[in-house]
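Okay, structure first, notes after.
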Amino acid sequence: MSFITQVFTLAVFAVFVNNFVLSKFLGLCPYIGVSKKIDSALGMGMAVIFVMTMASTFTWLIQEYLLLPYHLEYLQTIAFILTIASLVQFVEMVIQKTAPALYKSLGVFLPLITTNCAVLGVSILNIQEGYNFLGAILNGLFSGTGFTLVLLLMAGLRERLEKSEVPEAMKGMPIAFVIAGCMALAFLGFSGLNF
Amino acid sequence: MIGAIIILGALGLLYGLGLAVASKKFHVEIDPKIEAITEALPSANCGACGYPGCAAYAEAIVMHNEELNKCAPGGAAVVKEIAAIMGKEAVAADKKVAVIKCQSGGKNNTIFRYEYQGVTTCKAAILINNGPNLCSWGCLGYNDCASACKFDAISIDENGMRIIDKEKCTGCVACAKACPRNLIEIVSAKKRVHILCSSHDKGAESRKVCGNKTACIGCSMCVKKCPKAAIEMKDNLAVLNYDLCIMCGICADVCPTGAIFDPLKEIRAKKRAEAKLKAEAAAKAAEEK
(Lines give C-alpha, C1' and ligand atoms only; values in the text may rest on other atoms or scores of the structure.)
Protein backbone atom coordinates (compact mmCIF):
# COMPACT_ATOMS: atom_id res chain seq x y z
CA MET A 1 0.00 0.00 0.00
CA SER A 2 1.42 3.32 -0.98
CA PHE A 3 1.77 6.10 1.58
CA ILE A 4 -1.08 8.16 0.11
CA THR A 5 -3.46 5.19 0.32
CA GLN A 6 -2.44 4.58 3.90
CA VAL A 7 -3.14 8.18 4.86
CA PHE A 8 -6.47 8.09 3.05
CA THR A 9 -7.48 4.89 4.81
CA LEU A 10 -6.48 6.36 8.16
CA ALA A 11 -8.51 9.48 7.42
CA VAL A 12 -11.66 7.62 6.40
CA PHE A 13 -11.45 5.34 9.40
CA ALA A 14 -10.81 8.14 11.89
CA VAL A 15 -13.44 10.49 10.50
CA PHE A 16 -16.28 8.13 9.60
CA VAL A 17 -15.84 4.55 10.76
CA ASN A 18 -14.34 5.08 14.20
CA ASN A 19 -15.82 8.51 14.73
CA PHE A 20 -15.01 9.59 18.27
CA VAL A 21 -18.45 10.86 19.15
CA LEU A 22 -20.75 8.52 17.29
CA SER A 23 -19.02 5.16 17.49
CA LYS A 24 -16.63 5.48 20.44
CA PHE A 25 -18.95 7.72 22.50
CA LEU A 26 -16.16 9.96 23.72
CA GLY A 27 -16.49 13.73 24.01
CA LEU A 28 -20.26 13.62 24.31
CA CYS A 29 -20.33 16.61 26.64
CA PRO A 30 -19.22 19.22 24.09
CA TYR A 31 -21.18 17.37 21.41
CA ILE A 32 -24.43 18.21 23.21
CA GLY A 33 -23.25 21.27 25.08
CA VAL A 34 -21.60 23.35 22.36
CA SER A 35 -23.77 22.39 19.40
CA LYS A 36 -26.42 25.08 19.71
CA LYS A 37 -24.85 27.50 17.26
CA ILE A 38 -22.72 26.80 14.20
CA ASP A 39 -20.25 29.57 15.11
CA SER A 40 -19.39 28.22 18.52
CA ALA A 41 -19.43 24.64 17.21
CA LEU A 42 -16.85 25.62 14.63
CA GLY A 43 -14.73 27.31 17.28
CA MET A 44 -14.88 24.27 19.52
CA GLY A 45 -14.14 21.95 16.60
CA MET A 46 -11.07 23.91 15.55
CA ALA A 47 -9.80 23.93 19.12
CA VAL A 48 -10.32 20.17 19.38
CA ILE A 49 -8.50 19.50 16.09
CA PHE A 50 -5.60 21.60 17.26
CA VAL A 51 -5.37 20.13 20.75
CA MET A 52 -5.84 16.55 19.56
CA THR A 53 -3.02 16.86 17.04
CA MET A 54 -0.69 18.45 19.57
CA ALA A 55 -1.65 15.96 22.27
CA SER A 56 -1.09 13.00 19.93
CA THR A 57 2.34 14.31 19.05
CA PHE A 58 3.54 14.92 22.58
CA THR A 59 1.99 11.92 24.28
CA TRP A 60 3.46 9.61 21.63
CA LEU A 61 6.89 11.07 22.32
CA ILE A 62 6.42 10.74 26.07
CA GLN A 63 5.32 7.13 25.72
CA GLU A 64 8.11 6.19 23.33
CA TYR A 65 11.06 7.93 24.96
CA LEU A 66 10.10 8.18 28.62
CA LEU A 67 7.60 5.56 29.70
CA LEU A 68 8.66 2.60 27.54
CA PRO A 69 12.42 2.68 28.21
CA TYR A 70 11.85 2.88 31.98
CA HIS A 71 8.95 0.37 31.99
CA LEU A 72 6.49 2.88 33.40
CA GLU A 73 3.55 2.10 31.12
CA TYR A 74 1.26 1.95 34.14
CA LEU A 75 1.76 5.70 34.58
CA GLN A 76 0.36 6.31 31.10
CA THR A 77 -2.94 7.89 32.15
CA ILE A 78 -1.54 10.37 34.65
CA ALA A 79 1.45 11.27 32.51
CA PHE A 80 -0.80 11.90 29.51
CA ILE A 81 -3.28 13.99 31.48
CA LEU A 82 -0.42 16.05 32.88
CA THR A 83 0.94 16.57 29.40
CA ILE A 84 -2.41 17.48 27.87
CA ALA A 85 -3.33 19.89 30.67
CA SER A 86 -0.03 21.78 30.51
CA LEU A 87 -0.10 21.75 26.75
CA VAL A 88 -3.56 23.30 26.62
CA GLN A 89 -2.58 25.89 29.21
CA PHE A 90 0.52 26.78 27.22
CA VAL A 91 -1.36 26.99 23.94
CA GLU A 92 -3.97 29.22 25.59
CA MET A 93 -1.28 31.64 26.75
CA VAL A 94 0.40 31.75 23.37
CA ILE A 95 -2.86 32.35 21.53
CA GLN A 96 -3.92 35.03 24.00
CA LYS A 97 -0.67 36.88 23.37
CA THR A 98 -0.25 36.42 19.66
CA ALA A 99 -3.79 36.26 18.31
CA PRO A 100 -6.33 38.00 20.57
CA ALA A 101 -9.09 37.64 17.98
CA LEU A 102 -8.60 33.87 17.80
CA TYR A 103 -8.37 33.75 21.58
CA LYS A 104 -11.74 35.47 21.86
CA SER A 105 -13.45 32.88 19.69
CA LEU A 106 -11.51 29.88 20.99
CA GLY A 107 -10.72 31.06 24.51
CA VAL A 108 -13.76 29.69 26.29
CA PHE A 109 -13.41 26.30 24.68
CA LEU A 110 -9.73 25.66 25.30
CA PRO A 111 -10.01 25.07 29.07
CA LEU A 112 -13.07 22.92 28.39
CA ILE A 113 -11.01 20.63 26.20
CA THR A 114 -8.31 20.12 28.81
CA THR A 115 -10.15 17.37 30.59
CA ASN A 116 -12.07 16.16 27.58
CA CYS A 117 -12.00 12.39 27.43
CA ALA A 118 -11.77 12.47 23.62
CA VAL A 119 -8.31 14.05 23.79
CA LEU A 120 -7.04 11.55 26.33
CA GLY A 121 -8.82 8.85 24.35
CA VAL A 122 -7.01 9.63 21.10
CA SER A 123 -3.65 9.64 22.92
CA ILE A 124 -4.21 6.26 24.51
CA LEU A 125 -5.72 4.72 21.36
CA ASN A 126 -2.67 5.84 19.36
CA ILE A 127 -0.52 3.73 21.66
CA GLN A 128 -2.93 0.79 21.73
CA GLU A 129 -3.23 0.70 17.94
CA GLY A 130 0.55 0.76 17.70
CA TYR A 131 0.78 3.74 15.33
CA ASN A 132 4.19 5.13 14.45
CA PHE A 133 4.96 8.82 15.10
CA LEU A 134 3.49 10.16 11.86
CA GLY A 135 0.52 7.80 12.16
CA ALA A 136 -0.21 9.09 15.66
CA ILE A 137 -0.12 12.73 14.55
CA LEU A 138 -2.35 12.05 11.54
CA ASN A 139 -4.74 10.01 13.65
CA GLY A 140 -5.03 12.90 16.08
CA LEU A 141 -5.67 15.34 13.24
CA PHE A 142 -8.29 13.18 11.53
CA SER A 143 -10.03 12.22 14.77
CA GLY A 144 -10.37 15.91 15.55
CA THR A 145 -11.72 16.48 12.05
CA GLY A 146 -14.29 13.73 12.59
CA PHE A 147 -15.32 15.34 15.87
CA THR A 148 -15.67 18.74 14.20
CA LEU A 149 -17.70 17.23 11.37
CA VAL A 150 -20.35 15.71 13.63
CA LEU A 151 -20.36 18.77 15.87
CA LEU A 152 -21.08 20.98 12.86
CA LEU A 153 -23.75 18.60 11.54
CA MET A 154 -25.40 18.59 14.93
CA ALA A 155 -25.21 22.39 15.23
CA GLY A 156 -26.78 22.81 11.78
CA LEU A 157 -29.60 20.45 12.68
CA ARG A 158 -30.22 22.14 16.00
CA GLU A 159 -30.27 25.62 14.45
CA ARG A 160 -32.99 24.42 12.11
CA LEU A 161 -34.83 22.77 14.98
CA GLU A 162 -35.04 26.13 16.75
CA LYS A 163 -37.28 27.37 13.98
CA SER A 164 -39.34 24.24 13.48
CA GLU A 165 -42.40 23.14 15.36
CA VAL A 166 -41.39 20.60 17.95
CA PRO A 167 -43.91 19.22 20.46
CA GLU A 168 -43.56 21.05 23.77
CA ALA A 169 -42.34 18.02 25.68
CA MET A 170 -39.63 17.27 23.10
CA LYS A 171 -38.21 20.79 22.86
CA GLY A 172 -34.52 21.33 23.62
CA MET A 173 -32.54 18.38 24.99
CA PRO A 174 -34.94 15.49 24.27
CA ILE A 175 -35.06 16.13 20.53
CA ALA A 176 -31.28 16.71 20.52
CA PHE A 177 -30.74 13.30 22.08
CA VAL A 178 -33.06 11.67 19.56
CA ILE A 179 -31.11 13.30 16.74
CA ALA A 180 -27.80 12.22 18.28
CA GLY A 181 -29.10 8.65 18.33
CA CYS A 182 -30.21 8.87 14.69
CA MET A 183 -26.81 10.23 13.69
CA ALA A 184 -25.04 7.42 15.51
CA LEU A 185 -27.23 4.91 13.64
CA ALA A 186 -26.41 6.60 10.34
CA PHE A 187 -22.70 6.51 11.07
CA LEU A 188 -23.01 2.81 11.92
CA GLY A 189 -23.42 2.35 8.18
CA PHE A 190 -19.78 3.32 7.64
CA SER A 191 -18.59 0.39 9.71
CA GLY A 192 -19.18 -1.84 6.66
CA LEU A 193 -16.40 -0.04 4.77
CA ASN A 194 -13.46 -2.24 3.84
CA PHE A 195 -10.16 -1.39 2.24
CA MET B 1 9.30 2.82 42.13
CA ILE B 2 11.91 5.54 42.67
CA GLY B 3 12.31 5.81 38.93
CA ALA B 4 8.58 6.45 38.59
CA ILE B 5 8.67 9.19 41.20
CA ILE B 6 11.70 10.84 39.60
CA ILE B 7 10.34 10.68 36.07
CA LEU B 8 6.85 11.90 36.93
CA GLY B 9 8.27 14.54 39.25
CA ALA B 10 10.67 15.73 36.59
CA LEU B 11 7.87 15.81 34.05
CA GLY B 12 5.68 17.85 36.39
CA LEU B 13 8.55 20.20 37.23
CA LEU B 14 9.38 20.66 33.59
CA TYR B 15 5.78 21.48 32.70
CA GLY B 16 5.45 23.75 35.70
CA LEU B 17 8.61 25.68 34.84
CA GLY B 18 7.60 25.82 31.21
CA LEU B 19 4.22 27.30 32.10
CA ALA B 20 5.79 29.74 34.54
CA VAL B 21 8.20 30.99 31.88
CA ALA B 22 5.40 31.12 29.33
CA SER B 23 3.12 33.08 31.63
CA LYS B 24 5.83 35.72 32.08
CA LYS B 25 6.77 35.79 28.43
CA PHE B 26 3.25 35.80 27.08
CA HIS B 27 1.83 38.04 29.77
CA VAL B 28 -1.18 40.04 28.64
CA GLU B 29 -2.19 43.23 30.39
CA ILE B 30 -5.76 42.99 31.59
CA ASP B 31 -7.49 45.94 33.17
CA PRO B 32 -7.68 45.12 36.91
CA LYS B 33 -11.02 46.94 36.99
CA ILE B 34 -12.61 44.09 35.03
CA GLU B 35 -11.64 41.60 37.70
CA ALA B 36 -12.76 43.90 40.51
CA ILE B 37 -16.16 44.45 38.91
CA THR B 38 -16.57 40.74 38.20
CA GLU B 39 -16.04 40.11 41.89
CA ALA B 40 -18.48 42.84 42.88
CA LEU B 41 -21.22 41.35 40.70
CA PRO B 42 -23.32 38.60 42.25
CA SER B 43 -21.87 35.84 39.98
CA ALA B 44 -25.37 34.57 39.31
CA ASN B 45 -24.62 34.61 35.55
CA CYS B 46 -28.35 35.09 35.05
CA GLY B 47 -28.07 37.11 31.85
CA ALA B 48 -30.55 39.79 32.98
CA CYS B 49 -28.05 42.47 31.88
CA GLY B 50 -28.09 41.12 28.33
CA TYR B 51 -24.58 39.69 28.47
CA PRO B 52 -23.70 35.99 28.61
CA GLY B 53 -22.35 36.24 32.15
CA CYS B 54 -21.14 38.50 34.92
CA ALA B 55 -17.58 38.52 33.53
CA ALA B 56 -18.80 39.58 30.09
CA TYR B 57 -20.86 42.38 31.61
CA ALA B 58 -17.86 43.54 33.65
CA GLU B 59 -15.76 43.64 30.51
CA ALA B 60 -18.46 45.61 28.69
CA ILE B 61 -18.56 48.16 31.52
CA VAL B 62 -14.82 48.75 31.37
CA MET B 63 -14.18 48.43 27.65
CA HIS B 64 -17.37 49.75 26.06
CA ASN B 65 -18.72 52.17 28.69
CA GLU B 66 -21.78 50.06 29.32
CA GLU B 67 -24.28 51.43 31.83
CA LEU B 68 -23.63 50.46 35.43
CA ASN B 69 -27.18 49.69 36.52
CA LYS B 70 -28.05 46.68 34.41
CA CYS B 71 -27.57 44.06 37.12
CA ALA B 72 -31.08 43.25 38.42
CA PRO B 73 -30.19 40.71 41.13
CA GLY B 74 -27.43 42.93 42.54
CA GLY B 75 -29.64 45.97 42.94
CA ALA B 76 -28.55 49.36 44.21
CA ALA B 77 -25.73 48.04 46.43
CA VAL B 78 -23.88 46.49 43.50
CA VAL B 79 -24.38 49.58 41.34
CA LYS B 80 -22.76 51.64 44.09
CA GLU B 81 -19.83 49.24 44.31
CA ILE B 82 -19.25 49.24 40.57
CA ALA B 83 -19.54 53.02 40.50
CA ALA B 84 -16.84 53.24 43.17
CA ILE B 85 -14.53 51.01 41.10
CA MET B 86 -15.18 52.96 37.93
CA GLY B 87 -15.08 56.34 39.63
CA LYS B 88 -18.48 57.25 38.24
CA GLU B 89 -21.67 58.42 39.84
CA ALA B 90 -24.14 55.72 40.78
CA VAL B 91 -27.48 55.91 39.04
CA ALA B 92 -29.72 53.29 40.57
CA ALA B 93 -31.81 51.26 38.19
CA ASP B 94 -35.54 51.88 38.04
CA LYS B 95 -37.14 49.30 40.32
CA LYS B 96 -39.62 47.13 38.49
CA VAL B 97 -42.51 45.13 39.82
CA ALA B 98 -45.00 42.66 38.41
CA VAL B 99 -48.61 43.65 37.70
CA ILE B 100 -51.30 41.03 37.14
CA LYS B 101 -53.64 42.37 34.51
CA CYS B 102 -56.82 40.62 35.58
CA GLN B 103 -59.06 41.35 38.55
CA SER B 104 -61.29 38.32 38.41
CA GLY B 105 -59.11 36.45 40.90
CA GLY B 106 -59.26 33.17 39.10
CA LYS B 107 -61.36 30.31 40.31
CA ASN B 108 -62.99 32.11 43.22
CA ASN B 109 -64.74 34.88 41.34
CA THR B 110 -64.97 33.45 37.89
CA ILE B 111 -67.94 31.82 36.27
CA PHE B 112 -67.12 28.29 35.19
CA ARG B 113 -67.93 26.41 32.04
CA TYR B 114 -67.18 23.06 33.60
CA GLU B 115 -65.89 21.67 36.83
CA TYR B 116 -62.16 21.11 36.66
CA GLN B 117 -60.80 18.37 38.90
CA GLY B 118 -57.36 17.80 37.39
CA VAL B 119 -53.88 18.76 38.48
CA THR B 120 -54.12 22.09 40.24
CA THR B 121 -51.80 24.17 38.10
CA CYS B 122 -52.75 26.80 35.53
CA LYS B 123 -50.62 25.09 32.91
CA ALA B 124 -52.56 21.83 33.30
CA ALA B 125 -55.97 23.52 33.54
CA ILE B 126 -55.52 25.51 30.33
CA LEU B 127 -54.91 22.30 28.38
CA ILE B 128 -58.52 21.16 28.82
CA ASN B 129 -60.71 23.15 26.46
CA ASN B 130 -58.75 26.35 27.18
CA GLY B 131 -59.38 26.34 30.91
CA PRO B 132 -62.50 26.07 33.06
CA ASN B 133 -63.30 29.75 33.46
CA LEU B 134 -65.71 31.43 31.11
CA CYS B 135 -63.38 34.29 30.22
CA SER B 136 -60.79 32.84 27.91
CA TRP B 137 -58.31 35.67 28.65
CA GLY B 138 -58.43 35.94 32.42
CA CYS B 139 -56.74 34.46 35.46
CA LEU B 140 -57.17 30.70 35.90
CA GLY B 141 -56.53 30.90 39.61
CA TYR B 142 -54.29 27.90 40.22
CA ASN B 143 -51.43 30.08 41.40
CA ASP B 144 -48.66 29.15 39.00
CA CYS B 145 -47.38 32.71 39.50
CA ALA B 146 -47.22 32.38 43.27
CA SER B 147 -45.42 29.05 43.12
CA ALA B 148 -42.97 30.43 40.53
CA CYS B 149 -42.07 33.39 42.78
CA LYS B 150 -38.78 32.76 44.56
CA PHE B 151 -39.15 35.82 46.76
CA ASP B 152 -42.52 35.00 48.31
CA ALA B 153 -43.91 38.23 46.90
CA ILE B 154 -47.27 36.91 45.68
CA SER B 155 -49.90 36.14 48.28
CA ILE B 156 -53.58 35.28 47.96
CA ASP B 157 -56.18 37.19 49.95
CA GLU B 158 -59.53 35.91 51.23
CA ASN B 159 -61.27 36.76 47.93
CA GLY B 160 -58.82 34.63 45.97
CA MET B 161 -57.07 37.71 44.58
CA ARG B 162 -53.35 37.56 44.04
CA ILE B 163 -51.62 40.41 45.86
CA ILE B 164 -48.11 41.38 44.80
CA ASP B 165 -45.90 42.68 47.57
CA LYS B 166 -44.09 45.57 45.91
CA GLU B 167 -41.32 45.52 48.51
CA LYS B 168 -40.51 41.85 47.97
CA CYS B 169 -40.97 41.81 44.18
CA THR B 170 -37.68 42.10 42.30
CA GLY B 171 -39.12 42.19 38.79
CA CYS B 172 -37.36 38.94 37.90
CA VAL B 173 -40.05 37.94 35.36
CA ALA B 174 -40.40 34.41 36.79
CA CYS B 175 -44.15 34.82 37.38
CA ALA B 176 -44.71 36.44 33.97
CA LYS B 177 -43.07 33.42 32.36
CA ALA B 178 -45.10 31.00 34.49
CA CYS B 179 -48.50 32.51 33.61
CA PRO B 180 -49.92 30.55 30.66
CA ARG B 181 -52.24 33.45 29.81
CA ASN B 182 -49.48 36.08 29.87
CA LEU B 183 -51.42 38.24 32.32
CA ILE B 184 -48.37 39.54 34.14
CA GLU B 185 -46.42 42.54 32.98
CA ILE B 186 -43.26 43.89 34.58
CA VAL B 187 -43.53 47.67 34.93
CA SER B 188 -41.71 50.41 36.75
CA ALA B 189 -42.63 50.51 40.45
CA LYS B 190 -43.29 54.24 40.10
CA LYS B 191 -46.25 53.65 37.83
CA ARG B 192 -49.42 53.31 39.86
CA VAL B 193 -52.26 53.42 37.35
CA HIS B 194 -52.90 50.14 35.56
CA ILE B 195 -55.46 48.74 33.16
CA LEU B 196 -56.27 45.48 34.89
CA CYS B 197 -57.88 43.50 32.10
CA SER B 198 -56.46 41.47 29.27
CA SER B 199 -59.62 40.45 27.46
CA HIS B 200 -59.73 41.03 23.73
CA ASP B 201 -63.36 39.86 23.60
CA LYS B 202 -65.99 42.26 22.29
CA GLY B 203 -67.54 44.51 24.93
CA ALA B 204 -70.80 42.67 25.51
CA GLU B 205 -69.02 39.33 25.64
CA SER B 206 -66.30 40.36 28.06
CA ARG B 207 -68.84 42.11 30.32
CA LYS B 208 -70.87 38.89 30.43
CA VAL B 209 -68.03 36.47 31.16
CA CYS B 210 -65.96 38.48 33.63
CA GLY B 211 -66.18 36.97 37.12
CA ASN B 212 -65.45 40.31 38.77
CA LYS B 213 -67.52 42.43 36.33
CA THR B 214 -64.49 44.66 35.80
CA ALA B 215 -63.66 43.75 32.22
CA CYS B 216 -62.46 46.24 29.64
CA ILE B 217 -65.40 46.51 27.26
CA GLY B 218 -63.52 48.47 24.65
CA CYS B 219 -65.63 51.64 24.94
CA SER B 220 -62.61 53.89 24.26
CA MET B 221 -63.66 56.42 26.92
CA CYS B 222 -60.21 56.34 28.49
CA VAL B 223 -58.56 56.75 25.09
CA LYS B 224 -60.59 59.90 24.43
CA LYS B 225 -60.07 61.43 27.87
CA CYS B 226 -56.36 60.70 28.32
CA PRO B 227 -54.51 64.07 28.20
CA LYS B 228 -51.26 62.43 27.06
CA ALA B 229 -52.70 60.00 24.51
CA ALA B 230 -51.07 57.20 26.45
CA ILE B 231 -53.91 54.73 25.95
CA GLU B 232 -54.53 52.93 22.72
CA MET B 233 -57.28 50.54 21.67
CA LYS B 234 -55.84 47.27 20.53
CA ASP B 235 -58.38 44.72 19.38
CA ASN B 236 -61.15 45.67 21.89
CA LEU B 237 -58.71 46.20 24.74
CA ALA B 238 -57.34 49.47 26.10
CA VAL B 239 -53.56 49.23 26.37
CA LEU B 240 -51.60 51.71 28.46
CA ASN B 241 -48.23 52.99 27.31
CA TYR B 242 -46.41 53.39 30.62
CA ASP B 243 -43.78 55.68 29.11
CA LEU B 244 -46.39 58.35 28.42
CA CYS B 245 -48.60 57.84 31.50
CA ILE B 246 -48.49 60.70 34.03
CA MET B 247 -50.79 58.95 36.50
CA CYS B 248 -53.47 61.66 36.47
CA GLY B 249 -56.15 59.07 37.12
CA ILE B 250 -58.65 60.52 34.62
CA CYS B 251 -58.94 57.19 32.81
CA ALA B 252 -59.83 55.40 36.05
CA ASP B 253 -62.56 57.97 36.63
CA VAL B 254 -64.18 57.62 33.26
CA CYS B 255 -63.94 53.85 33.02
CA PRO B 256 -67.52 52.56 33.28
CA THR B 257 -66.53 49.08 34.48
CA GLY B 258 -63.68 49.80 36.87
CA ALA B 259 -61.14 47.97 34.76
CA ILE B 260 -58.61 50.74 35.36
CA PHE B 261 -56.94 50.77 38.73
CA ASP B 262 -55.87 54.01 40.41
CA PRO B 263 -54.80 53.80 44.07
CA LEU B 264 -55.76 57.45 44.59
CA LYS B 265 -59.19 57.11 43.00
CA GLU B 266 -61.15 57.57 46.24
CA ILE B 267 -59.03 60.47 47.41
CA ARG B 268 -59.44 62.15 44.05
CA ALA B 269 -63.21 61.56 44.14
CA LYS B 270 -63.41 63.04 47.65
CA LYS B 271 -61.46 66.11 46.57
CA ARG B 272 -63.72 66.57 43.57
CA ALA B 273 -66.81 66.27 45.79
CA GLU B 274 -65.38 68.84 48.16
CA ALA B 275 -64.60 71.19 45.31
CA LYS B 276 -68.15 70.77 44.03
CA LEU B 277 -69.61 71.54 47.44
CA LYS B 278 -67.41 74.62 47.70
CA ALA B 279 -68.45 75.80 44.26
CA GLU B 280 -72.11 75.29 45.16
CA ALA B 281 -71.66 77.15 48.40
CA ALA B 282 -69.94 79.98 46.54
CA ALA B 283 -72.75 80.06 43.97
CA LYS B 284 -75.35 80.18 46.76
CA ALA B 285 -73.48 82.97 48.50
CA ALA B 286 -73.34 84.92 45.24
CA GLU B 287 -77.10 84.41 44.75
CA GLU B 288 -77.87 85.63 48.24
CA LYS B 289 -75.90 88.77 47.66
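The values are calculated or read from the model by the stated rules, or taken from the named source; none is laboratory data. Owing to the predicted nature of the structure, the values given are computational and were not obtained by experimental measurement. Note that each Cβ is placed from the backbone with ideal geometry, even for glycine, and that neighbours are counted across all protein chains shown. All accessible areas refer to the heavy atoms of the entire protein, side chains included, with ligands and DNA or RNA removed. Shrake-Rupley method; radii C 1.70, N 1.55, O 1.52, S 1.80 Å.
What to note about this one:
- Tilt relative to chain B, helix B:265-288 - C-alpha long axis, 0 to 90 degrees, to 10: 40 degrees
- Applying the criteria of a DSSP loop state and at most 14 other Cβ atoms within 10 Å to the GluC sites (Glu not before Pro) of the range B:33-73 yields B:67.
- Among A:175, A:84, A:49: highest mean-square fluctuation, GNM of chain A, C-alpha pairs under 10 Å: A:175
- Prolate/oblate/rounded call for the range A:1-148, Cα gyration tensor, a/c under 1.5 rounded: oblate
- GNM flexibility winner over chain A from A:117, A:29, A:182 (Cα, springs under 10 Å): A:182
- Charge dipole (debye, nearest 20) of chain B; +1 at Cβ of Lys and Arg, -1 at Cβ of Asp and Glu: 1000 debye
- Taking a ≥ b ≥ c as the square roots of the eigenvalues of the alpha carbon gyration tensor, the range A:1-77 is oblate, as a/c is not under 1.5 and a/b does not beat b/c.
- Shape category assigned to the range B:31-93 from the gyration tensor of Cα positions, a/c cut at 1.5: rounded
- In chain B, Cα pairs under 8 Å separated by at least six residues give a relative contact order of 13 percent.
- The angle between the Cα long axis of helix B:54-64 and the longest principal axis of the Cα atoms of chain B comes to about 90 degrees, rounded to the nearest 10.
- Loop exposure criterion: trypsin sites (Lys or Arg not before Pro), DSSP state outside H, G, I, E and B, at most 14 other Cβ atoms within 10 Å. Applied to chain A, the longest stretch between such sites is A:38-170.
- Taking 21 Å as the straight-line reach from the Cα of residue B:278, the lysines in range (excluding those fewer than 8 positions away in the same chain) are B:265, B:270, B:289.
- Helical contribution to [θ] at 222 nm, DSSP H n ≥ 4, -39,500 (n - 2.57), averaged over chain A, rounded to 500: -23000 deg cm²/dmol
- Applying a length cut-off of 20 Å (Cα extent along the axis) and a mean Kyte-Doolittle floor of 1.0 to the DSSP H helices of chain A leaves A:38-62, A:76-98, A:173-188.
- Taking every protein chain into account, the accessible area of the protein assembly as shown amounts to 56 square angstrom per residue (probe 1.4 Å).
- Among B:230, B:56, B:259, residue whose mean-square fluctuation peaks in a GNM of chain B (springs only between Cα atoms under 10 Å): B:56
- Amide H contacts of residue B:111: B:134, B:135, B:211, each under 5 Å away and 5 or more positions distant or on a separate chain (H built 1.01 Å from N in the peptide plane; Pro and chain starts excluded).
- Taking Cα centre as origin and charging only the Cβ of basic (Lys, Arg, +1) and acidic (Asp, Glu, -1) residues, the dipole magnitude of the protein assembly as shown rounds to 1960 debye.
- Straight-line reach from residue A:171: taking Cα to Cα under 16 Å and skipping same-chain neighbours fewer than 8 places apart, the aspartates and glutamates in range are A:159, A:162.
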